[in-house]
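Notes follow once the structure below has been shown.
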Amino acid sequence: MIVLARDKAPSPKKAAELRRIELLSKLLCKRTGAEVFLVAIPDEDETDKQYRPCDAILEGGRIRFAVELTTIDSYIGQRSDDDRFRRVMGAMEERIGTIPDWTEVIIDVGAIPTGYDWDKLSLGIQEWLLPRLQELPYEKQVPVDIPGIPFSVWVRREPLKGQGGVIVMRRAPFNLEEQRTAVIKSALEDKRNVLGHYKSEGFATVLLLERYDLALANRHLMCDAFRRASPLELCADAIDDVYLIETPTRPWAISPLKIGLQIFVAPSPEWPDAPGYPFLNC
C-alpha cells in the first residue's frame, strides 16, 4: 500500500477500503499500461465538502480516477439482519454447545423484530427447545410454536453417533434475486450522486462493488443482477466503469461488470494478488 504524505493515518475502516482499492489499482495498471498510484483520500481529507467526496483518487499516466467503493448485500437490510441473527440465534448456538444429535434450528430472513429484548428471545428459544428435543422426529423439518417468541421457528433433528450440536440457519427470501437487483440499483443511484461531480471535473469514474456474502451470492448471480438493474441508464454521465471485488475468495478476485458502454454478460475474474499474473510488475 502506498503511504500518502498526510498528518494522520487512515481510520481502520478506511485502511480496509484502501486494501480493496489497491487491488483495483493493479487491475487498472494492466488496462492503462502505466503504474497507477493512490494520490488522495477525499472523504477523509477534504474539509470543504460542498459535494460528497469519493473514497480515493488514483492516478496512472495521464488519467485521474475517482473511485467509490460500496458493499453489496444479497437482500435488502442484510447487514442489519445479520447482526440480529448473530445476537439472538448465534448466541444461542454458542451457549448450547455439545448435545447428542445434530439439530438445525431455522428462522426466516428478517424474522427478528425491533422492540424486543433480543437476549430474552435467545434464552426463550433455548429454554423451550432443549427439554423438548427428544420429542421431535428425526429427519423431518417441523415447525415449533414457542410461547413468547414473535416469529416462526423450524427444527430438524438428525441422529449422530458421538458429539452433536445445534446449528442455526435462515431461510432466504422467496424473491431473493429481485431484492439483490434492487440493492444494486439503489447503490448505483446513490453512487452516481458521488461520482457525477468527479465526472464533470474530467475524472475517469470507477465504482467498486464488494461481494462479501459467501452463502447467498456468487459472481455469476451478481453479474446477472447488475445487468437487470439498468446500469447504462443509471450510470450515464456519472459512472464510467463498474467492477465486482470478491473478498470471500482467497486471494481476492475482481471482475469487470461495466467498462464504458460495455455490459459484461458473464464475469471474467482476475486475481491480481495471485502469483503468476504478469501485470503485477507493470
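Between R31, R79, R20, which is more than 19 Å from D190 (Cβ to Cβ) and not in a loop (DSSP other than H, G, I, E, B)?
Result: R31 is the single residue among R31, R79, R20 that is more than 19 Å from D190 (Cβ to Cβ) and not in a loop (DSSP other than H, G, I, E, B).
For the range 219-250: of the residues being assigned to a loop (DSSP other than H, G, I, E, B) and either acidic (D, E) or not assigned by TED's automatic domain parsing to the domain that holds T205 (or both), which is surrounded by the most Cβ atoms within 10 Å (Cβ to Cβ)?
Selected residue: D240.
Using the structure shown, decide if V183 is over 20 Å from the mean Cα position of the chain (by Cα), closer than 30 Å to V88 by Cβ and of a type outside the set (F, W, Y).
no
From the list R157, R132, which residue is assigned by TED's automatic domain parsing to the domain that holds G110, part of a strand (DSSP E or B), among the charged types (D, E, K, R) and on the phi < 0 side of the Ramachandran plot?
Unique residue meeting the criteria: R157.
What about A253, is it under 17 Å from K26 (Cα atoms), within 17 Å of the chain's Cα centre (by Cα) and either crowded, with 19+ Cβ neighbours inside 10 Å or not assigned by TED's automatic domain parsing to the domain that holds T205 (or both)?
So A253 fits the description; yes.
I need a count of the residues in the range 256-274 that are crowded, with 20+ Cβ neighbours inside 10 Å and either of a type in the set (S, T, N, Q) or closer than 23 Å to P53 by Cβ (or both).
1
Go through (1) outside any helix (DSSP H, G or I); (2) buried (at least 17 other Cβ atoms within 10 Å of the Cβ) and name the single condition Q50 misses.
Of everything listed in (1) outside any helix (DSSP H, G or I); (2) buried (at least 17 other Cβ atoms within 10 Å of the Cβ), Q50 misses just condition (2).
The values are calculated or read from the model by the stated rules, or taken from the named source; none is laboratory data. The shown structure was predicted, so the numbers you read here are calculated from the model rather than taken from an experiment. In this analysis, Cβ positions are derived from the backbone assuming ideal geometry, glycine residues included, and neighbour counts consider all displayed protein chains.
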